[in-house]
Structure formats: structure tokens, C-alpha cells
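Encoded as C-alpha cells, the structure appears first; notes follow it.
The values are calculated or read from the model by the stated rules, or taken from the named source; none is laboratory data. Keep in mind that what you see is a predicted model, and the values were worked out from it rather than measured. Note: ideal-geometry Cβ built from the backbone for every residue, glycine included; neighbour counts use all protein chains shown. The protein model used for the area step is the full one, side chains on, heavy atoms only, and it has no ligands, DNA or RNA in it. Shrake-Rupley method; radii C 1.70, N 1.55, O 1.52, S 1.80 Å.
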Amino acid sequence: IEGENPYDVVWDYGDEYDACVDACDWSLVFDADYYMNTFPMLAMLYHYDEELLLQHFQTVGIHEGRQGCDDFNAFAYLTNGSDEAWETFEYNLEGYYFYYMLNYETEKNINSTVNADGSSPNKQYKEIYTAAQLAELTAVNKYREELGREPLTLDSEMCAIANHRAYINAHDNYAAH
């Protein structure tokens with residue numbers, strides 16, 4: 001449904017986090033077209049709605065270390081940045097995003113597209129799953145084992161398509177998903 005966020009989970013990281021979200025220029029680290037092309041199932045999940053995708057990026061994507069645009073990769077930025085930044089943020093990737101946006105004029109010259117060793121960084125670093133998703137994966141793989149099939153590996157794209165299918169089934173009043 002156009003403009004509806006079917007997965008309107010309330011993410012509450014606190015007032016300080018909200019203040020950072022409000023203070024930042026998200027165009028420095030997020031491009032909706034790039035995000036949709038890089039994470040196509042996520043784009044479908046959020047009905048290709050740019051505002052919903054930005055909201056996802058702000059509340060989930062940066063915590064997963066998703067790359068939101070072609071010109072900024074948090075992992076490349078942390079490997080090329082200062083030791084002080086590493087000591088402050090370590091692998092709290094959202095810290096690098098906020099620091100970069102809030103200090104853009106002094107940070108814009110740090111290489112944020114290629115790792116220090118010249119390799120290309122990943123476009124996503126970690127995936128965060130719920131207990132329900134992991135329990136369902138266990139049940140599905142148990143069934144697959146009974147059939148002699150290889151187990152599935154959970155990834156963010158699989159979750160996005162499964163959530164989209166569940167939403168459609170619920171929206172269209174199917175009895176089960």
C-alpha cells in the first residue's frame with residue numbers, strides 16, 4: 001500500500017540518537033536509488049518508498065553496516081580514519097555515520113570508498129535477526145533435513161522477501177503465511 005510502512009517497528013535508541021538523526025544531512029550517506037539497487041528485496045519490502053527506505057536506513061541499516069550510497073562506506077571510513085575515531089566507536093558503525101555527517105567539512109577528505117589495503121569493502125557487515133526469525137529458520141531447516149535438502153542460510157534479502165510475502169498474505173486475508 002503506497003506510503004504505508006507495513007513493518008512499522010518502533011526503534012527507540014534514545015533522545016541522543018534522535019537528536020543526531022535530526023541534526024545530520026542524510027544526503028551525505030544515503031541515496032534512495034543506490035539503496036534500492038543494492039538491496040532489491042528491501043526496496044520491494046518497503047514498496048520502493050524513498051522516505052520509508054531512509055527511515056529503515058536510519059533505524060536498522062546503519063546498525064547493520066549497510067552502505068547507503070556509492071560515496072560512503074562506513075567500514076572503509078573506519079579503516080582509513082583516525083585512531084581516535086576507532087578508540088571511540090570501534091565497531092559501532094552508526095557512530096562513524098554520525099561523526100562523518102556532523103563533521104563533514106573536516107572528514108570529507110578521508111577515503112570512504114576503499115579499504116586501507118585497497119580492497120573493496122562489503123556493502124553490509126552484519127545482519128540482525130529476531131528470535132522468531134531464527135526459530136523459524138531452525139524449523140524450516142529441520143524440515144529440509146527430513147527431505148534430504150541442504151539447509152538454508154538466513155540473510156537480509158531472504159528476510160525481506162519473507163516479510164513482504166507475509167505482509168501480502170495478511171493484507172489479502174489469507175489464512176496463513
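Take the conditions within 19 Å of T113 (Cα to Cα) and without any contact (Cβ under 8 Å) to a residue 12 or more places away in the chain and apply them to W26. Does it pass? It would help to see each step written out before you state the result.
Values: within 19 Å of T113 (Cα to Cα): yes; without any contact (Cβ under 8 Å) to a residue 12 or more places away in the chain: no.
No: the conditions fail for W26.
Looking only at segment 62-73, count every residue that is part of a loop (DSSP other than H, G, I, E, B), open to solvent by less than 30 Å² (accessible area, probe 1.4 Å) and modelled with pLDDT of 85 or more and tell me the total.
Taking segment 62-73 as the starting set, the residues that turn out to be part of a loop (DSSP other than H, G, I, E, B) are 65-68, 70-71, 73.
This time we only want the ones that are open to solvent by less than 30 Å² (accessible area, probe 1.4 Å), so: 65-68, 73.
Checking which are modelled with pLDDT of 85 or more leaves us with 66-68, 73.
Number satisfying all stated conditions: 4.
One line per residue, one yes/no per condition, for (1) open to solvent by less than 50 Å² (accessible area, probe 1.4 Å); (2) part of a loop (DSSP other than H, G, I, E, B); (3) among the charged types (D, E, K, R):
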{"position": "F75", "(1), (2), (3)": "no, no, no"}
{"position": "A85", "(1), (2), (3)": "yes, no, no"}
{"position": "G95", "(1), (2), (3)": "yes, no, no"}
{"position": "Y99", "(1), (2), (3)": "no, no, no"}
{"position": "E105", "(1), (2), (3)": "no, no, yes"}
{"position": "N109", "(1), (2), (3)": "no, yes, no"}
{"position": "T113", "(1), (2), (3)": "no, yes, no"}
{"position": "S119", "(1), (2), (3)": "yes, yes, no"}
{"position": "E136", "(1), (2), (3)": "no, no, yes"}
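Taking L45 and the conditions (1) open to solvent by less than 20 Å² (accessible area, probe 1.4 Å); (2) within 18 Å of M158 (Cα to Cα); (3) modelled with pLDDT of 85 or more, which numbered condition does it fall short on, given that it satisfies the others?
(3)
Is it the case that some residue within segment 51-61 is of a type outside the set (A, V, I, L, M, F, W, C), more than 21 Å from Y13 (Cβ to Cβ), open to solvent by 10 Å² or more (accessible area, probe 1.4 Å) and at pLDDT 90 or above? Show your work before the answer.
As a first pass, look at segment 51-61 and keep what is of a type outside the set (A, V, I, L, M, F, W, C): 51, 55-56, 58-59, 61.
Subsequent filtering for residues that are more than 21 Å from Y13 (Cβ to Cβ) retains none.
Looking for residues that are of a type outside the set (A, V, I, L, M, F, W, C), more than 21 Å from Y13 (Cβ to Cβ), open to solvent by 10 Å² or more (accessible area, probe 1.4 Å) and at pLDDT 90 or above, one finds none in segment 51-61, hence no.
Conditions (1) without any contact (Cβ under 8 Å) to a residue 60 or more places away in the chain; (2) of a type outside the set (F, W, Y), marked per residue:
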residue	(1), (2)
D12	yes, yes
V21	yes, yes
F57	yes, no
H63	no, yes
N80	yes, yes
E84	yes, yes
T88	yes, yes
Y100	no, no
